[in-house]
Amino acid sequence: MLFARGLTRVARSGYSRSRWILCYNGHQLLRHTNHFPAPIHSSEQVLGCRVIYSWVSSALSGIGKQAHRQSSSVEEQLDPFSLVADELSILANRLRSMVVAEVPKLASAAEYFFKMGVEGKRFRPTVLLLMATALNLPMSRLPPDATVHTSSVELRTRQQCVAEITEMIHVASLLHDDVLDDADTRRGIGSLNFVMGNKLAVLAGDFLLSRACVALASLKNTEVVSLLATVVEHLVTGETMQMSTTSDQRCSMEYYMQKTYYKTASLISNSCKAIALLAGQTTEVSIMAFEYGKNLGLAYQLIDDVLDFTGTSTSLGKGSLSDIRHGIITAPILFAMEEFPELRAVVDQGFDNPVNVDLALEYLGRSRGIQRTRDLARKHANLASAAIDSLPRNDDKDVQRSRRALVELTQRVITRTK
Amino acid sequence: MLFTRGLSRISRTCYCRRQWAFSSLRNNEQQLIQHHNQFLSPSHSSEEVWHFRGIHSLVSSALSGAGQQAPDQSSSVIEEQLDPFSLVADEMSILANNLRSMVVAKVPKLATAAEYFFKMGVEGKRFRPMVLLLMATALNVPISIKPAAATVDTLPTELRSRHQCLAEITEMIHVASLCHDDVLDDADTRRGIGSLNFVMGNKIAVLAGDFLLSRACLALASLRNTEVVTLMATAVQHLVNGETMQMTTSVDQRYNMEYYMQKTYYKTASLISNSCKAIALLAGQSAEVSILAYEYGKNLGLAYQLIDDILDFTGTSTSLGKGSLSDIHHGIITAPILFAMEEFPELRAVVDRGFDNPANVDLALEYDPFSAPYV
């Protein structure tokens, strides 16, 4: 892929790159990028900007969609993921090696850290790191003195810590959601493995949660502790909502959206808010950050639901259909039920019988369920964009670029095909 | 048992007890001693010395079941049995109600699971909250000594609520760990009823534990004290460390007393020690005093677990083998066996074979030096 080649070009100047990570600070960033090839303009700052842009764009041109907020023809393709890819690798590796080093037996849990999301990238930490830059309070153009420099590096470290905590909580919840009841373990191949695997899943999840608690404590900010504790509560609530629905609840769009908020959006929204609080932003701005995260998360999940039916094609039934086969009723089916009430009878029968799956797909095909889900996703994506637009003005180039990247992400989330 | 008789004698003086409970809410050490005098005949003139002895006899009577005399008891004839639990009984029922309201969940299935161990009759011994509430009173800064411009929460009632909150947090963390431990140990029963995983399934038990932990963290954040958050986060981490140590021990580690004591610290003592220290911090005590509170909790917890290990072998009788023997049947090697292995290295071979075969259990018990006269 093109951006991999772009990255290796960067990687060759290894020293510069690691300096860039450590000093994630507007001025330093621009100064170091001079090490990269092909300068064109005399002004150092303009040069730095152009080099970054050309680096980013050559890294990504494969995807082909213009960000809808582009005002200058000089600004080419903006790939949100590459902006923070290096920082993310460091975070992911740090997390993974912590798990493996401290408790080798739990190493299999570490594999979850490399599970990919949107377009095969690490979605949540990307959002958080971009949000961190997007919310930087305006800096003066004076050369960085010692205190300003340290505190902005320290701030970045704290925000990276939030990204790490978020990943730990996310993976812990995946592990705990996978815990099997005895009935399930007995059906497993080689029941001993299942039982042991079950215990390690519980233990690994606990390990991650406890490390998250310690990391949270180290931030010395009780508001952030509240936000992320709330996330854990919501994740558990969402999962139990999914486990124990009545027939009416299963067919309720409202219940479904609430469950989706708890299971998917709450993590992103509350951690975006935490990022804003750590940055010292006002309550209004924190709420904007929260709204961005919430709407992005909802849009993400709605498209996920569509993709489960359509897969990479646009036609129905080519997706993995794993939701419906597990009896999980998602937005497309819920919309279809509004148009075809008789579909409800099929849903109530359950989907153990594959005939019912086919029947449901037929109704879905005749309905506008898929399209309405996409429309709803778009509505949330637009709300997320609007939240970024409401952020207080900041003329810093990095800040603006990150904000554009966040907006670009809202588009990526709804146009992706996997 | 002796101290329950003492308890009923005390409870007959209801008025006194309520007065005591109320004045403890006012956090005045002198009031405490005055009312305490109404219960038991005072023996010493100096109130401070007496109060100290009160605490010592408190600790010793709490542990007297095992039969060991605390070295400091010299006036035990006049001071009757002091039941620690009765000193805080009123507050404990407030705590119990608070806890029940703190674990309410929206989803019915989760609500049932979360409140499972907080229902009346299933709250367990509530050992930790009792220790913490007593510690809270024990660490009250005397009014005369308090600086004019108090830097700590000035209202005694507010401080007491914060202390109660910490006791609730500790209990929630403890119950959360019990829920997970029972899944990890495949336990069928807990506190005399079916374990949560047995009754509702592994997954909901795990999720309920996570839920309780998150509620504990929310309550912790509400105390707005980052040092206390750090202490309790450390305790949570230690609980997991202890469980991990127990599940992933190598053969050599199993037979190592040091490893065992470290694991015991993590699994049992750390929560009490760190929460005692947190009590001290909330009370605005100095670092030295906080460390003393920590040491009390740590040593109490270790003592508790060591006796627990013995009781698993002896049960309520003093002879071997009448206990539930659940540790040894789970292959968990505890202090008595570890000591026995020091005296009889051949016991190690028996332990290596494992205890699925009951004959091995009998053999191990034979080696155990902690037979009748000692326990």
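The values are calculated or read from the model by the stated rules, or taken from the named source; none is laboratory data. What you are looking at is a predicted structure, and each value in this text was computed from that prediction instead of being measured. Note that each Cβ is placed from the backbone with ideal geometry, even for glycine, and that neighbours are counted across all protein chains shown. In case anyone asks, the SASA skips ligands and DNA or RNA and just uses the protein heavy atoms, side chains included. Shrake-Rupley method; radii C 1.70, N 1.55, O 1.52, S 1.80 Å.
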Across (1) farther than 16 Å from A:T373 by Cα; (2) crowded, with 23+ Cβ neighbours inside 10 Å; (3) not charged (D, E, K, R), A:G297 clears everything bar (1)
Output for Cβ contacts, cut-off 7 Å, separation at least six or different chains, first residue within 17 Å of B:L166 (Cα to Cα) in region B:87-111, second in a loop (DSSP other than H, G, I, E, B), reads B:M92/B:R126; B:A96/B:E123; B:R100/B:E115; B:V103/B:E115
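Of the residues B:Y294, B:Y259, which is modelled with pLDDT of 95 or more, touching a helix residue (DSSP H, G or I) at 6+ places or on another chain (Cβ under 6 Å) and among the hydroxyl-bearing types (S, T, Y)?
Criteria check complete, one pass: B:Y294.
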Restricting attention to region A:358-381, the residues that are open to solvent by 20 Å² or more (accessible area, probe 1.4 Å) and part of a loop (DSSP other than H, G, I, E, B) number exactly 1
A careful count of residues in region A:318-335 that are modelled with pLDDT of 90 or more and more than 19 Å from A:K259 (Cα to Cα) gives 0
All-but-one check, B:R190 against (1) at the interface with another protein chain (Cβ under 9 Å from one of its Cβ atoms); (2) among the charged types (D, E, K, R); (3) crowded, with 19+ Cβ neighbours inside 10 Å, failing number (1)
Residue count, region A:347-357, condition within 32 Å of the chain's Cα centre (by Cα) and surrounded by 13 or more Cβ atoms within 10 Å (Cβ to Cβ), comes to 3
Discussion item. Can you find a residue that is of a type in the set (D, E) and more than 7 Å from every other protein chain (Cβ to nearest Cβ) anywhere in region B:231-253?
Written reply: yes
Exception for B:T234 within (1) closer than 20 Å to B:H180 by Cβ; (2) open to solvent by 20 Å² or more (accessible area, probe 1.4 Å); (3) modelled with pLDDT under 95 falls at (3)
Test for A:D177: is it farther than 19 Å from A:S97 by Cα and modelled with pLDDT of 85 or more: yes
Does at least one position in region B:209-229 carry a residue that is over 18 Å from the mean Cα position of the chain (by Cα) and more than 11 Å from every other protein chain (Cβ to nearest Cβ)? no
Among residues of region B:303-316 being more than 10 Å from the chain's Cα centre (by Cα) and open to solvent by 30 Å² or more (accessible area, probe 1.4 Å), the residue modelled with the lowest pLDDT is B:T316
Across region A:205-228, the tally of residues that are touching a residue at least 12 places away in the same chain (Cβ under 8 Å), surrounded by 23 or more Cβ atoms within 10 Å (Cβ to Cβ) and either among the aliphatic types (A, V, I, L, M) or not in a helix (DSSP H, G or I) (or both) stands at 7
**Asked** Among the residues of region B:317-329, is any hydrophobic (A, V, I, L, M, F, W, C) and either surrounded by 21 or more Cβ atoms within 10 Å (Cβ to Cβ) or assigned to a helix (DSSP H, G or I) (or both)?
**Response** yes
